[in-house]
Amino acid sequence: MTVVPPSFDLLPGDPASPVILHVPHSAREIPDDVRSGIVLDDAALERELDHITDAHTATVAEEAARAAGVTPWRFVNRLSRLVVDPERFPDEREEMLAVGMGAVYTRTTHKDVLRPDGFDAGPLIERYFHPYASAMTEAVSDRLAATGRCVIVDVHSYPTTPLPYELHADGPRPPVCLGTDPFHTPPALLDAAREAFARCGETGLDSPFAGTYVPLRYYGRRAEVTALMVEIRRDTYMTEPGGSAHEGLARLASALTALVDAV
């Protein structure tokens, strides 16, 4: 019998903390029954995981949480985004469907076939996507109930050189990109992030990736739920693609700690 690893973990922080560090793309784990639906051979799949995984971002969040004055909560995806991508819309609203990378990917970062044409994404959406979304929604609800607000900080990374799947690859690729939402990213949160990450080099805005993650129950409805996406250029903390971390990771974790402490 195949043992399916947990899909996600909610790692408790201080009851008084409004902050959730959300780490959706750091894992490489793919359950055997999901692997069987992927057409790549093992070597090609490992290469794809090297490119698509936000390697070491769970470690960045863990070290930041450990050092923070008030420990934030952490919501960490334990499965690869090649299982499902919890930050995509599961329907036609998702612009990444244009390159076969909706909630369930059918194409790779290099636009090769990942899953066959006609693949039924429904069972993966039901098994993994909806429970993840529900759990994240409840985590936000708990922070609202406990503190009157919630601050979601998405922790991501991106490659130094654009990959073929990227829809908006022509803009700047700064060491740290801050993704924002016009409703859920107030100026004070953005200013705090710019100050915190200044030690890591230039910070840019919404390029090459834009937006934030907010559960749909609260999206556009509750200003007490604020959100920011932190996209870290991979050469600043690791060997690309998919290699080990270097000394830059500690600097980034310290910057994230500073942001947590500020908000």
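The values are calculated or read from the model by the stated rules, or taken from the named source; none is laboratory data. Keep in mind the model is a prediction, meaning the values are calculated, not measured. Counting neighbours? That spans all protein chains shown, and the Cβs are built from the backbone with ideal geometry, glycine included. Surface accessibility is based on the protein's heavy atoms, side chains included, excluding ligands, DNA and RNA. Shrake-Rupley method; radii C 1.70, N 1.55, O 1.52, S 1.80 Å.
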I'd like the accessible area for I52, computed on protein heavy atoms only with a 1.4 Å probe and all protein chains in place. Round to 10 Å², please.
0
Restricting to Cα pairs below 8 Å that are 6+ residues apart, what does the relative contact order work out to for region 39-113? Please round to a whole percent.
27
Please state, to two decimals, what the Cα-based radius of gyration of the chain comes to when divided by 2.2 N^0.38 Å (N = residues).
0.96
Calculated FRET efficiency, E29 and E195, Cβ-Cβ r, R0 45 Å, to nearest 0.05?
0.80
Looks like region 153-220, by Cα gyration tensor root eigenvalues a ≥ b ≥ c and the a/c under 1.5 rounded cutoff (else prolate when a/b is bigger than b/c, oblate otherwise), is oblate
Fully extended, how many nm does the chain gain between D261 and D50 (0.36 nm per residue separation, minus their Cα-Cα distance)?
72.8 nm
For region 121-170, just say rounded, prolate or oblate: build the C-alpha gyration tensor, square-root its eigenvalues into a ≥ b ≥ c, call rounded for a/c under 1.5, and beyond that prolate if a/b exceeds b/c, oblate if not.
oblate
Gaussian network model of the chain, Cα within-10 Å springs - most flexible of P182, P215, P131
P182
Net charge near A65 (other residues with Cβ under 12 Å of its Cβ; Lys, Arg +1; Asp, Glu -1) is -2
Relative contact order of region 62-204, please, whole-number percent, based on alpha carbon pairs below 8 angstrom and at least 6 residues apart.
16
Taking a ≥ b ≥ c as the square roots of the Cα gyration tensor eigenvalues, with a/c under 1.5 meaning rounded and otherwise prolate when a/b beats b/c, else oblate, which class fits region 188-254?
prolate
Work out the FRET efficiency for V70 and D117 from their Cβ-Cβ distance, taking R0 = 45 Å, and round it to the nearest 0.05.
0.35
Treating the angle as unsigned and between 0 and 90°, give the value, to the nearest 10°, between the Cα long axis of helix 42-52 and the longest Cα principal axis of the chain.
30
Residue-averaged 222 nm ellipticity for the chain, from DSSP H runs of 4+ at -39500 (n - 2.57), nearest 500:
-8000 deg cm²/dmol
For a quick check: with amide H placed at 1.01 Å from N, whose amide H comes under 5 Å from G179's, ignoring anything fewer than 5 positions away on the same chain?
D206, M229, V230, E231
Label 7 Å along Cα→Cβ of A98; region 152-166 residues with amide nitrogen under 16 Å?
163-166
Send over a whole-number figure in Å² for the accessible area per residue of the chain, probe 1.4 Å.
43
Give the carbon-plus-sulfur fraction of the accessible surface of the chain in %, rounded to a whole number; probe 1.4 Å, heavy atoms of protein chains only.
53
Cβ under 14 Å from P123's Cβ, P123 left aside: what net charge do those residues give with Lys, Arg +1 and Asp, Glu -1?
-1
Rounded to the nearest 10 Å², what accessible area does F119 have for a 1.4 Å probe in the complete protein model?
70
To the nearest Å, what is the center-to-center distance of region 87-150 and region 208-263, using C-alpha atoms only?
18
